[in-house]
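Asks: Okay, here's the structure, questions in a sec.
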Amino acid sequence: MTGRPGGKQPRRVAVTSPQTRVALGGRRGPPVRAPRLTPDELARAERVRAVQLRRAVTALLAGGAFLVGLPLLLQLVPALDDVRLFDVPVSWLAVAVLPWPVLTALAWWQLRRAERAEAEEDRP
């Protein structure tokens, strides 16, 4: 039972965002192709990518070690539960506050290293 008089099914209406029409409207025309690289440019891009990938793995491992090591450290040093800062256990602050600046610094460090890899490749 539909709850409508006469047992008629309600008419289905598609509800979309106004932005959908704008986004779909912009797809007219030929697809945009990426410019072709010369063999020298391609070799340079592959070298930079390899260096950046190695550096990214290093940063990822450092972040993982921090995120796994912090709870392990807190488990090994239970005395931090008794130390309080602003009436909050230091162990709680270490888990709730400490990761954000550390991860932000790690991301900044990784970004600088990636940019340095490109700059080093540009040097003669």
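Asks: For A62, are the conditions met, namely being under 17 Å from L98 (Cα atoms) and surrounded by 13 or more Cβ atoms within 10 Å (Cβ to Cβ)?
Replies: Considered against the rule, which asks whether it is under 17 Å from L98 (Cα atoms) and surrounded by 13 or more Cβ atoms within 10 Å (Cβ to Cβ), A62 comes out as yes.
Asks: Give just the number: which of (1) small (G, A, S); (2) surrounded by fewer than 12 Cβ atoms within 10 Å (Cβ to Cβ); (3) in contact with a helix residue (DSSP H, G or I) (Cβ under 9 Å, 6 or more places away or on another chain) does S91 not satisfy?
Replies: The single condition S91 does not satisfy is (2).
Asks: To continue, here is another question. Would you point out which residue out of L37, L80, L98, L61 is at pLDDT 90 or above and not β-branched (V, I, T)?
Replies: Just one listed residue meets the conditions, L61.
Asks: Listed residues A23, A117; which is modelled with pLDDT of 85 or more and under 28 Å from the mean Cα position of the chain (by Cα)?
Replies: One residue alone meets the criteria, A117.
Asks: Collect the residues in the range 65-83 that are among the charged types (D, E, K, R) and surrounded by 12 or more Cβ atoms within 10 Å (Cβ to Cβ), keeping them in residue-number order.
Replies: Once the filter is applied, which keeps residues that are among the charged types (D, E, K, R) and surrounded by 12 or more Cβ atoms within 10 Å (Cβ to Cβ), the range 65-83 yields only D81.
The values are calculated or read from the model by the stated rules, or taken from the named source; none is laboratory data. Since the model is a prediction, treat every value here as computed from it, not as a measurement. Note: ideal-geometry Cβ built from the backbone for every residue, glycine included; neighbour counts use all protein chains shown.
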